[in-house]
Each structure stands twice: as C-alpha cells, then as structure tokens.
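Only one structure is covered here, and it is reproduced in the block below.
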Amino acid sequence: MNRLHVQDLLSFAQAHPGLVLLDVREPWEVALAPLVLEGVTTTAIPMREVPERYPELPTQQAVVCFCHHGMRSAQVVAFLMQHGLEAVYNLEGGTDAWARQVAPDMPRY
C-alpha cells in the first residue's frame with residue numbers, strides 16, 4: 001500500500017499537480033474538521049459510498065485518501081488499488097495526525 005506521512009503532504013501536493021484529496025469520513029466529521037489545502041481539490045465520499053462512487057475519481061491524477069486516524073482510508077486505498085487505481089495513497093494518521101503535527105489550529109475530535 002502506498003503511504004504518505006502528514007508532514008510530506010504539502011510537498012507531495014506541489015509535486016503532483018491535479019492531486020485529489022479523498023475524504024472518506026462521515027459528513028459530520030468533514031464539517032467539524034475539514035482538511036483543505038490551497039489549490040488542491042478535496043472530494044468527500046463517505047467510506048460506505050466508495051464502492052458505488054469510485055468511478056467519479058480521476059484515473060490520471062494522484063489521489064490521497066484520508067479519514068480521522070487512517071484506518072478507514074487504508075481500507076479505501078486497498079479497494080481502489082484492487083479496482084485499478086495505482087496512484088492512490090493513504091494519509092498516515094489521518095486528520096488527527098495532521099492536526100497534531102501540521103495544523104494545530106485544526107479542531108480535534
């Protein structure tokens with residue numbers, strides 16, 4: 001599985017134009033603590049909807065999946081790779097690690 005450390009996300013985004021952040025958390029989680037990077041598209045598809053909605057994702061750009069701690073997104077990465085997406089990455093530690101290590105002003109839950 002392709003993994004990406006939270007401290008590497010900004011440089012990874014700069015190196016991969018067209019990168020898509022795939023937020024697989026529930027809508028209430030997204031509303032409480034959004035992870036937004038300037039110039040990067042964020043798509044929110046709750047994990048339970050990924051099997052029917054994954055064709056919405058780009059196949060030519062890198063996709064970084066994330067959730068609260070990285071467990072749900074790891075499962076989504078595995079699913080997407082089984083369905084032919086190769087440039088898909090799991091954000092290790094999810095939004096909790098992002099808030100602790102990169103963006104301390106981000107709400108934690």
Sorted by chain and then number, the residues having a modelled amide H within less than 5 Å of the amide H of T41, at least 5 places away or on another chain, are L21
The answer for trypsin sites (Lys or Arg not before Pro) in region 29-109 that fall in a DSSP coil and have at most 14 neighbouring Cβ atoms within 10 Å is R108
Phi angles of region 71-85, converted by Karplus (6.51 cos²θ - 1.76 cosθ + 1.60, θ = phi - 60°) into ³J(HN,Hα) in whole Hz with x for Gly and Pro, give 7, 4, 5, 5, 5, 5, 4, 4, 4, 5, 5, 5, 9, x, 7
Of region 35-49, those with amide N under 15 Å from the point 7 Å along the Cα→Cβ vector of Q61 are 36-45
Percent antiparallel among DSSP beta bridges confined to the chain, rounded to 5, stands at 0 percent
Output for region 1-86 (equivalent-ellipsoid semi-axes, sqrt of 5λ from the C-alpha gyration tensor, Å, descending) is 17, 16, 12
Per the rule of 0.36 nm per residue minus the C-alpha distance, extending A15 to R3 adds in nm 2.8 nm
With the label point 7 Å along the Cα-to-beta-carbon line of E49 and a cut-off under 18 Å to each amide N, the hits in region 1-21 are 20-21
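Filter the GluC sites (Glu not before Pro) in region 5-109 to those in DSSP coil with at most 12 other Cβ atoms within 10 Å of their Cβ, and list the result.
On the way: sites: E29, E38, E49, E52, E56, E86, E92; in loops: E38, E86.
Sites meeting the loop and neighbour criteria: E38, E86.
All of the numbers you see were taken from the coordinates with simple rules; none came from a lab. These numbers come from a predicted model, not from an experiment. We place every Cβ from the backbone using ideal geometry, glycine too, and count neighbours over all the protein chains shown.
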